[in-house]
Amino acid sequence: MELADATRRAERLLVPAAFVTALGNNVQLIAGALLMIRSDKTMLSVGLLFIAVAVPQAVLSPYFGRLADRYDRRRLWIGCDATSAVLALALPVWLTLGGAKGPGVYAANFALAVVAALFFPASNAMIKERVRASQVRRFTANYEMATQAGMLMSATVGGLLVQRLGASPLLVFNAGTFVVSALLVGSVGALPRKVEPEVEPEAESVARTQISVGMASLSSAVPGGRPVPLVRLILLYAQGSVVVTVFNALLPKLVMGEWGRGAGLFGVVDAIGSLGFLAATVFYKVVGRRFGDLPIAVVGFLACNTVFVLQPQFGPGFLAIGVAIGAFTFGTARIASRTLVMTSVDEAHVGRAFGLANGGGLAATVVVMLGVAELTDHTDTRWGFAATAVVSVAAALAAGALLRGRLGSGGTGVAGGISDHGGSGDLPTGGPSAAGVCHIPANADVEVVTA
């Protein structure tokens, strides 16, 4: 009963914690982007800021993912929030003391990105550790909605407050969001001890052979016993990072650089987009009962990129509508692709998997960002939107084709759709789940395949 209460408490508190953390991380980034676009109206100046955020995460996330599998994930989350609060306060102090704007913006966001490289795998590993197996798909929908809504709302908060109050008050507000997140995660409480079932030697031997996680393959007990290739799952999930990051760099260039509008319009457009993510969460919970996560993800990404190409074509009114539709389709696809990774990896290695996903996605983002920035500055943002869409469509189609038939019925890491009740529903995700992944005792040997 104590374990069941702890998992339900975690499910209630981790979603708002994810929202305020995403809000804080991106308020800092958006404020920096708006400051840079005002002083240098090129896409490259904004793109370099996003690259400064992407590079440390691309390099460090795979290593930090291993740390997330080794140390207490709740303490890591709280430590990341506390460190981020201090770093967020450093930039307004620097600006108040007369420090140079450009170097201060780049340095502060680079430092926060180093912390985010640990936060991403640690937070996802904590989800796998704390959320009941029967509720993983439903919780993932809520969590992804909160994260993406926080990112979009950051543009609203950032745009409106920068326009009215300037950057420094906004950056102080940003530090407060990290404190709120740390308090929420602290309220989750320590994980109660799980009583490990005794495992017969024969069963333990089978378990050793069923779990293999690495860059090239991931052995999960999916129908038919075929290994799920982790790289292909990461390709599907991580290309979403490219889309959303490049979009966040293109939008201020389009609205403020090309259309000459204020930061307020930039914020309003993203606020409308957050409504699309709310709709995506509801929609996923409905279609998830009938369809597998793989077709949902692939179709969602294809639809998103169709809208992505049209967004800058017809002025501010259509842009707002296009962003809402794009957020809806992207949100649905992103939830499904995150769920595929979450349900296909055992609890002991989920930090490593999401570390690799974050690192791979952001490494690709650096390459795409440089190419799109160069293209946009020599043409206009319409070509930047189109080029980003082409890259994302190619990645989604390739991952969908490569994963087809490897994930069991319906292309999902779990058998069946989203459950409203989930039977007893009190098993932690480390226990036997609908995915059929064996729970490995703490003293069991796990072979990790890296090639």
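The values are calculated or read from the model by the stated rules, or taken from the named source; none is laboratory data. For clarity, every value in this text was computed on a predicted model and none was experimentally measured. We place every Cβ from the backbone using ideal geometry, glycine too, and count neighbours over all the protein chains shown. Surface areas here come from the heavy atoms of the whole protein model, side chains and all, with no ligands, DNA or RNA. Shrake-Rupley method; radii C 1.70, N 1.55, O 1.52, S 1.80 Å.
Per-structure values
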{"item": "Separation in nanometres of the label points that stand 7 Å from Cα toward Cβ, at Arg261 and Glu374", "result": "3.0 nm"}
{"item": "Loop-located chymotrypsin sites (Phe, Trp or Tyr not before Pro) in region 246-324 whose Cβ has at most 12 other Cβ within 10 Å (DSSP)", "result": "Phe314"}
{"item": "Distance between modelled label sites at Phe110 and Val286, nm, 7 Å Cα→Cβ extension", "result": "4.8 nm"}
{"item": "Per-residue SASA entry for Phe19, accessible area with 1.4 Å probe, Å² rounded to 10", "result": "70 Å²"}
{"item": "Solvent exposure, largest accessible area first (probe 1.4 Å, DNA, RNA and ligands not counted), of Trp94, Trp383", "result": "Trp383, Trp94"}
{"item": "Spin-label pair Val179/Leu278, simplified geometry with 7 Å Cα→Cβ offset, distance in nm", "result": "2.8 nm"}
{"item": "Positive minus negative residues near Gly189 (Lys, Arg vs Asp, Glu; Cβ under 9 Å)", "result": "+2"}
{"item": "1.4 Å probe accessible area per residue over region 264-343, in Å²", "result": "33 Å²"}
{"item": "Carbon plus sulfur fraction of accessible area for region 242-389, probe 1.4 Å, in percent", "result": "71 percent"}
{"item": "Ordering of 232-238, 373-379 by packing [mean C-beta count within 10 Å, highest first]", "result": "232-238, 373-379"}
